[in-house]
């Protein structure tokens, strides 16, 4: 029998080719793994680059310089009343819109109405309220352009207005700069004046309320379950329901809120109050689970030592266990809050998708939240809203990523290995 | 005057703070006067007074806020101006709410003429009840505070009292989870039963036509099969085809091959993927992925490709699930004892043979549990499908066609302008019940598998 062809001979050809095959498969497998990591990374990069690429333009807007001579076209208003609440109404009634329309027609030609935003006169109004002296003479105002002109000026894309835009550009009348109304205003139908401040404030109110409710209850529930609860059917039931609530689809919480908070209790629809309550119910199980893990990580020796020097069980928990577990609890809470901040589905069902043109005043006034604003704008027909949507997404992602970064920082700084 | 609950709450909290200081000072004073030691430290006496001051008054406030509007309405209905109101419930409610909005200053003018005479009684009644409420609340707070104050003695066991209250609060907080679960189950069941009186459950579960007409419950329009199929196609098939291989391979690579430095950077990046809000994924799917897929389909010669496709929603949802699958697989692989891995390597197996033939089979129950959880998350996902999958209920296996899901239909049914009691809105709750039941079962099974598997290696 020829030894060289024995299947177990290390140097034999069959063995060598088998080993080569196995090593090749090893390399292939490793490559698949790397490819999987790269695919997920590429998707993340693609998503972020698309959003930033589209959205960066959303923070700027194009203005056109239009001279308005208030000596020729006087605005007959009482300048002493500009500080009053109804000053806006007063200026509107005095016909400022017509003056601005007329002045822009003089400056830009007969199709001026299609070049400037229909809300351009409101910027003039704000300027007059800030400085009534403007009314005494001729001044250049930078008026927001219509969204078609804005897009043509920023992207250079071909459209009906690109010829005019080229001409205005060569005359040096167009300027593109950071668009503050985007951060100052609430939603509007005109991309020139639509902003995220209303939605942002709604989000802040909603999340604050959710935090105020969910954090204490979540932590207290976790303390009870982890430190005091006797093992019986009741505590099992509590445990099972918390674990399941954490995995229930968010839209179910929207149905609950609609049925209980709005139809049964009759709380104010589409308000941060109901939104906050809904998100609180949704985040509480997440906080409980995170808090229980943090509490579990505190070593029993600390409890024993405190009990040994005569502390009562409540003192042990509130003086020793809770402070030691707090960094872990906070990390979990921040992550849960970040998730609640990005949540849209349950809020759709409680009516927060309505168009809200005002900044919400309080917990019971109708409002919207940032993710909802993104959803609403993504449905808009006007092309100007595409970049606004991406800009809003950038703001939302920035807030969420900062929250997550804070959570990771807290975890790394205060995490103790016992 | 309206009833400003937040301001009152702050006021009561301020009173409680004063009560705390007074209680603390009083206990020290009494102890010094009697020349004995206190049973409990002074701040417990303070807490005792503060809690007695705060808790009854706040409970009363909560009660009053919820019942006083009904009492105000009753009072208004008894006033002479309300005697001419029509008996039709709907019109009557509209007039009353109109008058209430004006009385509370939410509205400048009445919208309906008949509401005008009611504004005055409304204002009077709400002022009266607000006054009663405020006075009663303060009386309660003071009574509670005084009661606690008189009980302060050097030998009074304030600490045990306070601790009993704290324990009560802990139990109460953990009961909220049960209350929420019951709330979900009851509200879904209650509305679903009303729906099933109009449409039989069998039709919802096995009917093949989904085309709800507004208002009336027309027969054969509430067949849920197209929705269930769409949900399964997007959430359980396409998304999992994307998420399972990529998630698993990522976990394998990161746990078995990657250098610690790579792992340290890649894991947080994956967590970012999990932290992106679903509305952003939805926008991305609708704006970028769906048009690209449509062009691809047209290139392949599929003419009826739609801009809203199951594939776009499914792929993006799969990407969303990747970090979830990956971290579940990561945990399960790490839980396999090192000795099994070492044994396999020692026998001469290459790392990939060890992974495929030892680690993954050993980790399989945990991985399966993780995948079930991922499926339950995918079928409950709403925004991506609302924005990218469309709303037309097609019973098709073509991934380039537009399909709809249970969650998308719930949103569609509840965001129109219909009466709350119509068959359409009730159908949303019935769909919600189906969704809740399915995800609950998936979760229970998955958690049980994961738990059992963990015990096997501990």
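The values are calculated or read from the model by the stated rules, or taken from the named source; none is laboratory data. Predicted model, so just to flag it, every value in this text is computed and none were measured. Reconstructed Cβ throughout: ideal geometry from the backbone, glycine too, with neighbour counts over all protein chains shown.
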>> Give all pairs with beta carbons closer than 6 Å in which a residue from the range A:16-31 that is facing chain B (nearest Cβ under 10 Å) meets a residue that is surrounded by 12 or more Cβ atoms within 10 Å (Cβ to Cβ); count only pairs at least 6 apart in sequence or on separate chains.
In response: A:22/B:350; A:26/B:350; A:26/B:352; A:29/B:352; A:30/B:257
>> For the range B:331-352, which positions are within 26 Å of residue A:41 (Cα to Cα) and either at pLDDT 90 or above or over 39 Å from the mean Cα position of the chain (by Cα) (or both)?
In response: B:351, B:352
> Just one of B:158, B:173 is within 28 Å of the chain's Cα centre (by Cα) and crowded, with 21+ Cβ neighbours inside 10 Å; which is it?
Replying inline: B:173
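Just for the range B:168-178: of the residues that are in contact with a helix residue (DSSP H, G or I) (Cβ under 9 Å, 6 or more places away or on another chain) and more than 7 Å from every other protein chain (Cβ to nearest Cβ), which one is farthest from residue B:425 (Cα to Cα)? Give the steps one after another, and end with the answer.
Within the range B:168-178, the subset in contact with a helix residue (DSSP H, G or I) (Cβ under 9 Å, 6 or more places away or on another chain) is B:169-178.
Those still in the list that are more than 7 Å from every other protein chain (Cβ to nearest Cβ) too: B:172, B:175.
Numbers: B:172: 33, B:175: 30 Å.
Here the answer is B:172.
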> Which of the residues spanning the range A:241-261 are surrounded by fewer than 24 Cβ atoms within 10 Å (Cβ to Cβ), more than 8 Å from chain B (Cβ to nearest Cβ) and either in a helix (DSSP H, G or I) or at pLDDT 90 or above (or both)?
Replying inline: A:261
> Could we say that residue A:399 is more than 8 Å from chain B (Cβ to nearest Cβ), over 24 Å from residue A:288 (Cβ atoms), over 16 Å from the mean Cα position of the chain (by Cα) and surrounded by fewer than 20 Cβ atoms within 10 Å (Cβ to Cβ) here?
Replying inline: no
>> Being surrounded by 12 or more Cβ atoms within 10 Å (Cβ to Cβ) and either assigned to a helix (DSSP H, G or I) or within 37 Å of the chain's Cα centre (by Cα) (or both) is true for just one of B:51, B:38. Which residue is that?
In response: B:51
>> Residue under question is residue A:335, and the condition is that it be over 22 Å from the mean Cα position of the chain (by Cα) and in contact (Cβ under 8 Å) with a residue 12 or more places away in the chain; does it hold?
In response: no
> Any idea which of A:298, A:359, A:317 is touching a helix residue (DSSP H, G or I) at 6+ places or on another chain (Cβ under 7 Å) and part of a helix (DSSP H, G or I)?
Replying inline: A:317
>> So, restricting to helices (runs of 4 or more DSSP H) that lie completely within the range A:150-233, which ones have at least 2 residues that are more than 16 Å from the chain's Cα centre (by Cα) and within 14 Å of chain B (Cβ to nearest Cβ)?
In response: A:197-223
>> Looking at the range A:315-323, can you tell me whether even one residue there is at the interface with chain B (Cβ under 9 Å from one of its Cβ atoms), modelled with pLDDT of 90 or more, surrounded by fewer than 21 Cβ atoms within 10 Å (Cβ to Cβ) and on the phi < 0 side of the Ramachandran plot?
In response: yes
> If we only count helices (runs of 4 or more DSSP H) wholly inside the range B:200-275, which ones have 1 or more residues that are free of Cβ contacts under 8 Å to residues at least 24 places away in the same chain?
Replying inline: B:201-206, B:239-252, B:260-275
> When you go through (1) more than 8 Å from chain B (Cβ to nearest Cβ); (2) outside any helix (DSSP H, G or I); (3) buried (at least 19 other Cβ atoms within 10 Å of the Cβ) one by one for residue A:343, which number turns out not to apply?
Replying inline: (1)
